[in-house]
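Written below as structure tokens is the structure these notes are about.
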Amino acid sequence: MAEVQLHNLEKRYDNDTTAVKGITFTAHDGEFVVLVGPSGCGKSTTLRMVAGLEEITGGDLLIDGQRMNDREPKDRDVAMVFQNYALYPHMTVFENMAFPLKMRKVAKPQIQTQVEQAAKLLGIDNLLKRKPKELSGGERQRVAVGRAIVRKPKVFLFDEPLSNLDAALRTQMRAELKRIQRRLGATMLYVTHDQVEAMTMGDRIAVMNKGELEQYGTPTEIYGEPASAFVARFLGSPAMNLIPGGIVSEEGISFFIFGKGEMSLKIPLPNQLPSMNVDLGIRPESIQFSVGPQNSSNAFASGKLILIEPIGSVTHYHIEWPDAFGGTLVASVSHSQMVSGQSGISKLGDVVSFEIPSNTVHLFDRDTGKRL
Ligand SMILES: Nc1ncnc2c1ncn2[C@@H]1O[C@H](COP(=O)(O)OP(=O)(O)OP(=O)(O)O)[C@@H](O)[C@H]1O
Ligand SMILES: [Mg+2]
């Protein structure tokens, strides 16, 4: 199939907006790469440059090592599926799916075979005679995917294809699209602003922010070692807690000093850090409600429970922690921990003790947002 390389890819629109500011990554053959980021960060623009629907104003686009910048969309061997499906309303499902093949003057019997194969793979072979208006949202979505896969392109480009579907259908289609991509062994670039979609579907994730690539890596790398405070907050729900503070070093050991200075936490980094302002990040699931003997390398504190959100498998506890900083921390406790009584949790309004294990924290430079 195909390898897609973006080298310093840039898009400057006529109105002088630089929507994409030189991004570089490689989608290897057969990989499912998700582009994720907030609205307006340049995801669609990037995808449209790969498709050839938008002129590339800087950098290079290579598919299988060949420069594609100036090739017509039809000569790039890519297929794109949009959010609104863009099916032809007057055509049947069969005709919609056959359309790209017809345009390429493929012989009729072969069109028949290829459409039937694709329809079978997608589970819509019983709908071939219907018109789009006689289909559900999920079925229409499948037809749009079908139209993209019939001609077996090298690369698939998907721009938020599931955002018009309800939550249950979206979850189902997520798994199906992933299955289809595996079956076809296709290289896929998939745009979404949904972090769950990114984490569950991506072999690799490109996290974008304001036209720049913040990080490119596997879901595990991005979640476990976020390159910046932005990435840390964007992936994971509830978001990672960020606690403002400073670094102080003594005799080769660095300490994080919480907001007002009454508490510190030994930093598990090999090198002594300079004194600087940082944000300490901790995931909600890493905060522990202390029950055992105190471990001197961790930080202990207490705060008032101001909100309890049970969502089934986990419960989120919002803790007011005025001693350390003016904000609220969120801690998550899994259902199994609660049942086994490990959490020692109390009710709304109670003051609870909790622990921040030093080996689970992340530190970000306050000025640059980068991870230390
Ligand atoms: N044709 C255009 N001319 C000028 N500016 C544009 C054009 N298209 C997009 N932009 C700007 O480029 C930036 C990136 O837009 P883009 O559509 O790529 O964002 P996105 O990440 O896909 O956002 P969303 O999640 O909302 O779809 C935005 O600031 C947008 O306003
Ligand atoms: Mg978009």
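The values are calculated or read from the model by the stated rules, or taken from the named source; none is laboratory data. As the structure is a computational prediction, the values presented were derived from the model and not from experiment. Here the Cβ positions follow ideal geometry from the backbone for every residue, glycine too, while neighbour counts run over all protein chains shown.
Summary table below
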quantity	calculated
Selection status of Ala168, farther than 26 Å from Glu54 by Cβ, small (Gly, Ala, Ser) and under 13 Å from the mean Cα position of the chain (by Cα)	no
Filtered residue count, segment 82-117, keeping only those that are in contact with a strand residue (DSSP E or B) (Cβ under 8 Å, 6 or more places away or on another chain) and among the aromatic types (Phe, Trp, Tyr)	1
Filtered residues of segment 133-149 (kept if among the β-branched types (Val, Ile, Thr) and either more than 13 Å from Leu184 (Cβ to Cβ) or at pLDDT 90 or above (or both))	Val143
Residue satisfying condition, being closer than 20 Å to Pro153 by Cβ, within 15 Å of ligand 1 (Cβ to nearest atom) and of a type in the set (Lys, Arg), within set Arg48, Arg12	Arg48
Tally, over segment 29-38, of residues that are farther than 16 Å from Leu235 by Cβ and either within 13 Å of ligand 2 (Cβ to nearest atom) or in contact with an Asp or Glu (Cβ under 7 Å, 6 or more places away or on another chain) (or both)	3
Yes/no for Ala118 being aliphatic (A, V, I, L, M), assigned to a helix (DSSP H, G or I) and surrounded by 21 or more Cβ atoms within 10 Å (Cβ to Cβ)	yes
Residue count, segment 71-128 (criterion: among the hydroxyl-bearing types (Ser, Thr, Tyr) and on the phi > 0 side of the Ramachandran plot)	1
Residue match in segment 11-18 (condition: at pLDDT 95 or above and crowded, with 19+ Cβ neighbours inside 10 Å)	yes
Count of segment 71-106 residues which are free of Cβ contacts under 8 Å to residues at least 60 places away in the same chain and polar (S, T, N, Q)	2
Enumeration of residues in segment 19-72 that are surrounded by 18 or more Cβ atoms within 10 Å (Cβ to Cβ) and out of contact with any strand residue (DSSP E or B) (no Cβ under 7 Å at 6 or more places or on another chain)	Arg48, Gly52
Of all residues in segment 172-195 being over 17 Å from Gly217 (Cβ atoms) and within 16 Å of ligand 1 (Cβ to nearest atom), the one that is surrounded by the fewest Cβ atoms within 10 Å (Cβ to Cβ)	Asp194
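Yes/no matrix, rows are residues, columns are (1) of a type in the set (Gly, Ala, Ser); (2) within 16 Å of ligand 2 (Cβ to nearest atom); (3) modelled with pLDDT of 95 or more; (4) in contact with a His (Cβ under 9 Å, 6 or more places away or on another chain):
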| site | (1), (2), (3), (4) |
| --- | --- |
| Pro161 | no, yes, no, no |
| Leu165 | no, no, no, no |
| Leu169 | no, no, no, no |
| Arg174 | no, no, no, no |
| Gln181 | no, no, no, no |
| Leu189 | no, yes, yes, no |
| Asp194 | no, yes, no, no |
| Thr200 | no, no, no, no |
| Asp203 | no, no, yes, yes |
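Listed here are the residues, each with its yes/no results for (1) without any contact (Cβ under 8 Å) to a residue 40 or more places away in the chain; (2) within 16 Å of ligand 2 (Cβ to nearest atom); (3) outside any strand (DSSP E or B).
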position: His7; (1), (2), (3): no, no, no
position: Asp16; (1), (2), (3): yes, no, yes
position: Ala19; (1), (2), (3): no, yes, no
position: Phe25; (1), (2), (3): no, no, no
position: Leu47; (1), (2), (3): no, yes, yes
position: Glu54; (1), (2), (3): no, yes, yes
position: Asn69; (1), (2), (3): yes, no, yes
